[in-house]
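The values are calculated or read from the model by the stated rules, or taken from the named source; none is laboratory data. Keep in mind it's a predicted model, so treat the numbers as computed, not measured. Here the Cβ is made from the backbone with ideal geometry for all residues, glycine too, and neighbour counts use every protein chain on show.
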């Protein structure tokens, strides 16, 4: 079954999302396989996109805030590859 065409703005947004997600799979996850799933829910009037890979993964802390007609904020805290400890110095407080 084929999805109905969306308006150009939504198609471009979905394409950009997929392009970035697949690029991340290749660059950062070191994935050898990527699966893309696009599901249209006509009764809810939405399209769901899922991208899965077999890469190394990570343990993020993600917070999503959204409200109708107020936009969306996605905050992700991802551990860096290196941890750096900085000891306070006496001169830093002067």
Look through 91, 85 and report the one residue that is outside any loop (DSSP other than H, G, I, E, B), at pLDDT below 60 and either closer than 28 Å to residue 13 by Cβ or more than 21 Å from the chain's Cα centre (by Cα) (or both). 91
Note: among 23, 54, just one is at pLDDT 85 or above, surrounded by 10 or more Cβ atoms within 10 Å (Cβ to Cβ) and out of contact with any strand residue (DSSP E or B) (no Cβ under 9 Å at 6 or more places or on another chain), namely 23
Please determine, by comparing only the residues of region 4-18 that are part of a helix (DSSP H, G or I), modelled with pLDDT under 90 and touching a strand residue (DSSP E or B) at 6+ places or on another chain (Cβ under 9 Å), which one is farthest from residue 50 (Cα to Cα). 10
If you scan region 33-47, which residues turn out to be at pLDDT 90 or above and part of a loop (DSSP other than H, G, I, E, B)? 33
Of everything in region 57-72, what is in contact with a strand residue (DSSP E or B) (Cβ under 9 Å, 6 or more places away or on another chain) and closer than 17 Å to residue 20 by Cβ? Give them in sequence order. 60, 62, 64, 72
Between a first residue in region 12-36 that is on the phi > 0 side of the Ramachandran plot and a second residue that is outside any helix (DSSP H, G or I), which pairs have beta carbons less than 7 Å apart while being 6 or more apart in sequence or on different chains? 30/55; 30/56
